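Undergrad: Supplied in structure tokens, the structure appears directly below.
The values are calculated or read from the model by the stated rules, or taken from the named source; none is laboratory data. Remember, it's a predicted structure, so these values are computed and weren't measured experimentally. Here the Cβ positions follow ideal geometry from the backbone for every residue, glycine too, while neighbour counts run over all protein chains shown. SASA here: full protein model, heavy atoms, side chains in, ligands and nucleic acids out. Shrake-Rupley method; radii C 1.70, N 1.55, O 1.52, S 1.80 Å.
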Amino acid sequence: MSIFWILSSALLGFAIAAVFAGLLRLPRNYYLLVYIPIVAACFVLFIATNNINLMELLAHNWYWGLAGAVIAGVFVVKNVFSQPASERRYGGEFIRDVAWPGLAYGLIDALLLTVIPVLAVKIALTGSAWTEIWYGKVGTGIIGLLASFFVTTAYHLGYPEFRGKKVIWPNVGNGVLSLAFILTGNPLAAILPHMAMHVAAMVHGAGTTIQVPPHYEE
């Protein structure tokens, strides 16, 4: 069942990006009207099907989760500001950008690309005797990271802008966030920096930052 969630998350992410960005070329804010609710529904179904107590999950090692979020956040936000800047909007439009392609988009990306695959692996392997030993825990973390890479790669390949070698860069950034979740045991270590990364992209200029696809050539 856990493998089903990894495969379905990868297929869902790829299909949404390929159809609504690659084929229909919807503007980003309209694209998110499709992407965000569908992935949110998928996450709710994942939580309900696996009987996950979300509050307990967020409370577990919360202090390490916040510490991990700060460290990982510095890395990904710094990466955003290392890219060329572009024009951003102001006033009410900027507030809307921060809330929608910033916070909401960042949250949903983190759930799809990190939280679902890493938790799915953890659920699948829980109860195995070898996972209680240190090398078993390391192995579980590695498998979780590979699952996150798989979903991240499939999702980004749906966007024409990430075809070929360019798909490596989203895996580097999201790999850091997934590793933060795996090491701390708290999803906030991945969720908060992913949201911060998207907000930073809105501040720096969404037109030239790869973290907020889709981008279309004129």
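Undergrad: I'd like the FRET efficiency for Leu7 and Glu87, computed as 1/(1 + (r/R0)^6) with the beta carbon distance as r and R0 of 41 Å, rounded to 0.05. Please list the in-between numbers first.
TA: Values: r = 40 Å, r/R0 = 0.97.
FRET efficiency, Leu7 to Glu87: 0.55.
Undergrad: If you average the C-alpha positions of the stretch 106-172 and of the stretch 180-218 separately, how far apart do those two centres end up, in angstrom?
TA: Going from one Cα centre to the other spans 16 Å.
Undergrad: Compute the long axis of helix 168-184 from its Cα atoms, compare it with the longest principal axis of the Cα atoms of the chain, and write down the angle in degrees, 0 to 90, nearest 10.
TA: Between the helix axis and the principal axis of the chain, the angle is about 40 degrees.
Undergrad: While we're here: When the Cα centres of the stretch 1-47 and the stretch 70-91 are compared, how far apart do they sit, in Å?
TA: Distance between centres, Cα-based: 24 Å.
Undergrad: For the stretch 108-218, state what percent of all Cα-Cα pairs lands in each successive 10 Å bin, counting from 0 Å until the bin that includes the largest distance.
TA: 14, 42, 29, 11, 3, 0
Undergrad: Would you grab the residues whose amide H sits under 5 Å from the one on Gly205? Only those 5+ places off in sequence or on another chain, please, with H modelled 1.01 Å from N.
TA: Close amide H contacts, sequence-distant or interchain: Ser86.
Undergrad: Given the Cα-Cα distance of Ala41 and Leu54 and 0.36 nm per residue of separation, how much length would full extension add, in nm?
TA: On the way: separation 13, 0.36 × 13 = 4.68 nm, distance 1.48 nm.
So the chain would gain 3.2 nm between Ala41 and Leu54.
Undergrad: With θ set to phi - 60° and the Karplus curve 6.51 cos²θ - 1.76 cosθ + 1.60, what are the ³J(HN,Hα) couplings of the stretch 73-86 in order, to the nearest whole Hz, using x for Gly and Pro?
TA: x, 4, 4, 6, 5, 4, 5, 4, 6, 7, 8, x, 7, 9
Undergrad: State the percentage of accessible surface on the stretch 63-214 attributable to carbon and sulfur atoms; use a 1.4 Å probe and exclude ligands, DNA and RNA.
TA: Numbers: 5090 of 6880 Å².
Summing carbon and sulfur atoms, their accessible area is 74 percent of the total for the stretch 63-214.
Undergrad: At Asn29 and Val74, where each label point lies 7 Å from the Cα along Cα→Cβ, what is the point-to-point distance in nanometres?
TA: With each label point 7 Å from Cα toward Cβ, the separation is 3.5 nm.
Undergrad: Please provide three numbers in whole Å: the alpha-carbon extents of the stretch 1-64 along the principal axes, with the largest listed first.
TA: 41, 27, 19
Undergrad: Return the FRET efficiency for the residue pair Leu146, Ala99: r is the Cβ-Cβ distance, R0 is 30 Å, and the value is rounded to the nearest 0.05. Spell out each step's value before the answer.
TA: Working: r = 33 Å, r/R0 = 1.10.
Rounded to the nearest 0.05, the efficiency is 0.35.
Undergrad: Now a separate question. Express the Stokes-Einstein translational diffusion coefficient of the stretch 4-112 in µm² s⁻¹, to the nearest whole number, given a Kirkwood radius over alpha-carbon pairs, 37 °C and a viscosity of 0.692 mPa s. Please report the intermediate quantities before stating the final value.
TA: On the way: Rh = 16.3 Å.
Approximately 201 µm²/s, per Stokes-Einstein.
Undergrad: Against the longest alpha carbon principal axis of the chain, how many degrees, from 0 to 90 and to the nearest 10, is the axis of helix 188-204 turned?
TA: For 188-204 against the chain, the angle is about 10 degrees.
Undergrad: Alpha carbons only, please: Rg and Dmax for the chain, in angstrom.
TA: 16.9, 56
Undergrad: Sticking with this one: What net charge is computed for the residues neighbouring Ile210, neighbours being all others with C-beta under 12 Å from the C-beta of Ile210, Lys and Arg scored +1, Asp and Glu -1?
TA: Numbers: positive: Lys166; negative: Glu161.
Here the charged neighbours net out to 0.
Undergrad: Using r as the Cβ-Cβ distance of Trp64 and Ile133, and R0 as 30 Å, what FRET efficiency do you calculate, to the nearest 0.05? Provide the component values of the computation, followed by the final result.
TA: On the way: r = 21 Å, r/R0 = 0.71.
Calculated transfer efficiency: 0.90.
Undergrad: Then there's this: Per residue, what volume in Å³ does the convex hull of the Cα atoms of the stretch 159-213 enclose? Provide the component values of the computation, followed by the final result.
TA: Values: hull volume 4.0 nm³, N = 55.
Cα convex hull per residue, to the nearest whole number: 73 Å³.
Undergrad: Whole-Hz Karplus ³J(HN,Hα) for the stretch 4-13, in order, using 6.51 cos²θ - 1.76 cosθ + 1.60 and θ = phi - 60°, x for Gly and Pro?
TA: My calculation for the stretch 4-13 gives 4, 5, 5, 5, 5, 5, 5, 5, 5, x Hz in order.
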